[in-house]
Amino acid sequence: MSTTSRPLLALAPVLGALLAGCGTRDPVWDTTPGPLVDFGLVGSAAILDTSASRALMLPVEGDLTLSPVSLPIGRGFATAAPTMDGSKLLVLTHGDVPVRTPADQTPGLGVIGGGTSPALGALYPLASPISGLSIDPEGAFAVVYSSPADVSFVENPNELSIVDLGRAPAADNPTPLTLRSFGGQPQSFVFTPTLHLPAGPTRLLVVLTDQDLGIIDLGAPAEGDITVELSSSGESVTPTAIAVTDGPAGTTDGAELAVLLEDDPNIVLIDLLPVLPGQMVAHSFSPTPNIVFAGGPPSALAFVDTDGGQRLGALVPSQQNLTLLDPATGISSTVDLGGAFESFTVVTAAAGGGTNGADVALAWSTQSPEVAFIDLGGAVGTPYRAVQVLELEQPVAQILDVPAPNERLKLLVAPDGQSFFVLDLVARTASPIASSTAGTVASVAGDGQFAWLFSPGGTDLAQLDLQNLHPLNLTLDDPISGAFDVARRDGGRALVAVDEDADFGVTVLDGTNPSLESAVEYSAVLLGSLR
Amino acid sequence: MPGERRWHGSCDVRPETVHLPGGVPSFLMTSPRRNDAGARPPSLRGRLRRRGLLPLLGAGLAVSAAAAACGSSSANDDGSGIPVPGDYAGNGGSCEGNTSGGSLAGFDAGVDALPPETDTTSYGAPVATGKYVWIANPSSGRVAYIDATTLQIKLVEAGDGPTYLAAVPDPTDDVAIVLNVLSLDATVLRASASGLTATTLPVPGSGNTWAVSADGHWAIAWTDARRITNPDPVEGYQDIAVLDLTPGSESSVDLTVGYRPVGVGFDTAGGHAYAVTQDGVSVVTLGQPPAVTKNIPLTSNLVDAGATPQVAITQDGAYALVRTDGLSSIDVVSLADGTPTTVPLPAPPTDLALSADGKTAVAVVRDTSQAALLPIPGIVADPSSLTLVTADALIGSVTLASQSSIGFFYTNALPDPVLTVIDTGAAMPVASSILLRAPVFGVFPSPDAGNVVVLHDALTSIGSQFVAAASLVPVALGLPPKIIGLTAPPISVAVAPDGAHALIAAGDDGTGIYELVVASMPSLDVQILPLASLPIAAGVVAGANRGYVAQTYPDGRITFIDFATGEARTLTGFELATEVVDDP
């Protein structure tokens, strides 16, 4: 292992002495570091030093040295999350609570660029120090909401701030909004893809409360929400997930939502129809609910293309089938899966395409050691030949996508964190990968070539070549709390292994050909960038 | 001789609709024929029993909007049924056809072995007006009305337990009336360009059936005892409520008629209503206020006091025509003074109906396979002035088109595939036969009689594996019929007023097969659509060029079919539609 560094650790006493000598020692030196929060972004690892109200960004040079960048995040850290593509890190802060002086900070949502040259982006001021943050999968919007962790004297649980991340802060950005409530409170948020609604293409934010839905047009959030109650008889129903479609291919008027209800065999379909003449409403579309019966409580929903046209797929574990519902007629057909699968996802493109343009779905279970390929091109007309089941040694707790060029692969993670399977969606094979340590964490490199596995708190690290499934085992000097594959500034890749528990050390390895010989270790990285 | 099995078609106020009871036991009330105990084979014939919709008063009396829409239809007797006007309770009005009794020489043994007749009636089905379909939800106290053009659902609060709906003819608005069985009142729902109004009127005696005058001025709520399981003999169900539906001055009056009415209807002039009961015909004068002004007994030829013959009342309310099982005659009773005129027939008639124009009463004499055409009112002055038309095949039932003098004759007392057609209004009527490919069970003509939907049963007799079948018969064009196999028992048939489309809803909870046949005529194109649950009733919303089929589902379910495109759209959970809040 290379020990060319630990330079920051060596400088620490000097820095301390200098600061003490000046008599203006930064209060941060009197603050115990932590808790730390770390993330892997596209071009750097990020360590949020919350007590110092900063983000330490760790881009990697071609020689595996770090070029740390310290960025202020504001005081009163609440939460942070990266966008799905890793290009940005969103940091929510409460500011100073209470605000006593003009110099005190107010709540805000900060954006940090996550590339190889990290930089502060916009800071969106917020009205209230609340802690819930949900980010659009496309990275265009975020919503800030009151979370159970918020303990202000008086709170409005239905108060939201919708942030358009593509626009600079302005009087109307963020957009404050209080959901119309019939007693419900937000539980989760779903950002839809672009839907072709009567007034044109737009995106929606669907708020799942504990009893109904709120639908917000992200193109005009100030218009408020449309409340869709999910029960007309007063009985309690709780939405737990939704599926979204913009309608069958080639159509522009079939936008629809499907709402999964907790322990309920009924699914509420919501057509987003034009407003009828004379209808006095605030929005240019009219959610029109309908009910379809799935035969049993579904565990997962998705709109899928089948040989019979577009269907709503509902996975019904109690019936061990996938129920395919025609949204227009409510007619159902079932695909017997032979097992109680709980989750499914559409994998058509990764699987090389489906029959007659129909989808291919992958179903899995946390209880049963198998996965099923469902060929939806034969699901309605001939359901008996639609399913191919692969037996595994363990059930599946998590499925990790693999980027191109190996998008045909999925990395399956068993609940025990010791069994992994590399699933080839084209060959329909499942190659087992075993770890000697329970709770092993896996991640997939951004270039899709490798997977990384490590045991939190341990020193074992492995690179798995997704082409030949060869594991390269490495043992670091320090325990690993996080391992992040990032792009280097020279275009290569690096793995940044972070040790939060010891001296906040970092080990940087080459992401393609990792070796302990070329690795660079840093200790006490938090100290190095203090000014 | 046991009566011929009888069934009833039904038709909505504007679209023709027929509800068949197969497979919907919870929605049907069944009572065996008194003269046929047991011995019913487990065939469609056995399942598709006569509905409580009853033989209608026929064309002679514009008994209701339904009757007006359906024109005359066949009526037959099961030994206990008196022909009554269309039934609005379950299906928005109906017109019925059925058959009864009699046998052809040489077929006696088979006819004698016929299964018993049964009356059945469906509940909870929607009704259609100009462009709306109305559906009551007894649990929530609301009535959903669906614009069949836009499929937009709206709800209106009714009373407590809104259950029995009827469409009310109106020249400008869409109007329906619902009987609230728990709050003992009725809600008149009027949808106009300015919105919907709901007016509540007391109905102290409650009821389970509506009769509505053809002009929509009057409605009568009454109780059909045949819809009540094991009614106590002391319960006469003699209370009726007469509702004046004049907009802005609605009112109701509670009246008493004879013991256990089986049918209520109106004359075309709107001056009187008639309740056919076991005590005779109770005449209601529709004045201010309405009152029961007399009762005309019909019992002179009754076999026993508990029996009710088949009765048809002429459109002008002048006469009641009475057919009694086992008697070789038709009695024509003056409703002015009760004077009876007996019209002798060659053998006991098995069915009785009045033509659409009210000028001809049609009695079917199965023993001689003849149709007796009685001129109205000439038959009173000259009981021998009838015309007998002999068919080439066995006939025991008649269904008359609602806007034509053409009648369709057949028998379902034994497997017989022949449909006989007679123009009852012709100067020299003749019978022509159409050979179908399976035994006839029921006939549903288009209003102009140009096309006919024929239901078949007893398919095992021809070696078929299908549960049932239907034939589309382009009568006017004289083209060969098209037969369609059904994989579930038919439950409801609807024929569009223009005759261009027909719906056949079929289903069986036992097999889980639910389907809808959408037929185009005269092209005979057929589209078979699966349904999500058991059909209750099919209908046509002429103003929207859509058909519909209501289905059983706790939150309500209805499938609309666009006749122009063939596209089907199912709406489920009507009340959720009002749970969307988007205040401007």
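Every number in this text was worked out from the coordinates using simple rules, so none of it is lab data. Quantities reported herein were computed from a predicted structural model and do not represent experimental measurements. Here the Cβ is made from the backbone with ideal geometry for all residues, glycine too, and neighbour counts use every protein chain on show.
What is the range B:251-299 by shape, rounded, prolate or oblate, if you read a ≥ b ≥ c off the alpha carbon gyration tensor as root eigenvalues and call it rounded for a/c under 1.5, prolate for a/b larger than b/c, and oblate otherwise? Prolate, because a/c is 1.5 or more and a/b exceeds b/c. When B:Met428, A:Met84 are sorted by how many other C-beta atoms sit within 10 angstrom of their C-beta, beginning with the fewest, the order is B:Met428, A:Met84.
When you restrict to C-alpha pairs under 8 Å that are six or more residues apart and normalise by the size of the range A:159-305, the relative contact order lands at 16 percent.
Here the average projected area of the convex hull drawn through the C-alpha atoms of the range A:141-186 stands at 3.9 nm².
Could you give the size of the charge dipole of the range B:187-342 about its Cα centre, using +1 on the Cβ of each K and R and -1 on the Cβ of each D and E, expressed in debye and rounded to the nearest 20?
Values: 6 positive and 15 negative charges, 45 e Å.
So the dipole magnitude of the range B:187-342 works out to roughly 220 debye.
Here B:Lys359 is the anchor, and the lysines within straight C-alpha reach of less than 28 Å, apart from those fewer than 8 places off in the same chain, are B:Lys294.
Considered as an equivalent ellipsoid built on the Cα gyration tensor, the range B:232-340 has semi-axes of 26, 17, 10 Å, the largest given first.
Each distinct pair of alpha carbons in the range A:448-531 adds a 1/r term; the inverse of their mean, the Kirkwood radius, is 13.1 Å. Taking only alpha carbon atoms, the range B:455-531 gives an Rg to Rh ratio of 0.98, where Rh is the Kirkwood radius. Oblate is the label for the range A:364-455. Its Cα gyration tensor axes, ordered a ≥ b ≥ c, give a/c of at least 1.5 and b/c at or above a/b. Measuring max minus min along each principal axis, the C-alpha atoms of chain A give extents of 78, 58, 36 Å (largest first).
Working from Cα pairs under 8 Å separated by at least six residues, relative contact order for chain A is 10 percent. The charge dipole of the range A:201-271, taken about its Cα centre with unit charges on the Cβ of Lys, Arg, Asp and Glu (plus for the first two, minus for the last two), comes to roughly 240 debye. Adding -39500 (n - 2.57) for every DSSP H run of four residues or longer, then dividing by how many residues chain A holds, sets the calculated 222 nm ellipticity at -1000 deg cm²/dmol.
Globularity index of the range A:234-356 is 1.12 (Cα radius of gyration / 2.2 N^0.38 Å, N = number of residues). May I ask for the angle, rounded to the nearest 10°, between helix A:7-22 and the longest principal axis of chain A, with both axes built from Cα atoms and the value confined to 0 to 90°? In chain A, helix A:7-22 runs at an angle near 70 degrees to the longest axis. From the Kirkwood radius over Cα pairs of the range B:369-490, Stokes-Einstein at 10 °C and 1.306 mPa s returns a whole-number translational diffusion coefficient of 106 µm²/s.
How high is the relative contact order of the range B:443-584, in percent, counting Cα pairs under 8 Å that sit 6 or more residues apart?
Numbers: 322 pairs, mean separation 19.8, N = 142.
Value for the range B:443-584: 14 percent.
Dipole orientation for the range B:420-562: of the candidates B:Val475, B:Ile434, B:Gly507, B:Ile434 has the Cα lying most toward the positive pole (charges on Cβ; Lys, Arg +1; Asp, Glu -1).
Can you compute the charge dipole magnitude of chain A about its Cα centre, using +1 on each Lys and Arg Cβ and -1 on each Asp and Glu Cβ, nothing else charged? Give it in debye, rounded to the nearest 20. Before the final figure, lay out each step's value.
Values: 18 positive and 58 negative charges, 184 e Å.
Dipole about the Cα centre, nearest 20: 880 debye.
When every Cα-Cα distance of the range B:443-584 is counted in 10 angstrom steps from zero, the calculated P(r) takes the values 12, 40, 32, 12, 4, 1, 0 percent.
Which semi-axis lengths, in whole Å and largest first, follow from the square roots of five times the eigenvalues of the Cα gyration tensor of the range B:193-240? All intermediate terms of the calculation are to be shown ahead of the outcome.
On the way: eigenvalues 159, 28, 19 Å².
Square roots of five times the eigenvalues give 28, 12, 10 Å.
Shown here are the Rg and Dmax of the Cα trace of the range A:321-364, at 11.7, 31 Å. Panel note: the C-alpha atoms of the range A:58-167, placed on their principal axes, show extents of 53, 33, 25 Å (largest first). What do you get for GluC sites (Glu not before Pro) in the range A:436-531 restricted to DSSP loop and a cutoff of at most 13 other Cβ within 10 Å of the site's Cβ? Passing both the DSSP loop test and the Cβ count: A:Glu517. So what does log10 I(q)/I(0) come out to for the range A:285-324 at q = 0.24, 0.28 Å⁻¹, using the Debye formula with one equal point on every Cα and no solvent? After summing over all Cα pairs, the log10 values are -0.82, -0.95. Listed from fewest to most Cβ neighbours within 10 Å, the set B:Ser492, A:Ser365 follows the order A:Ser365, B:Ser492.
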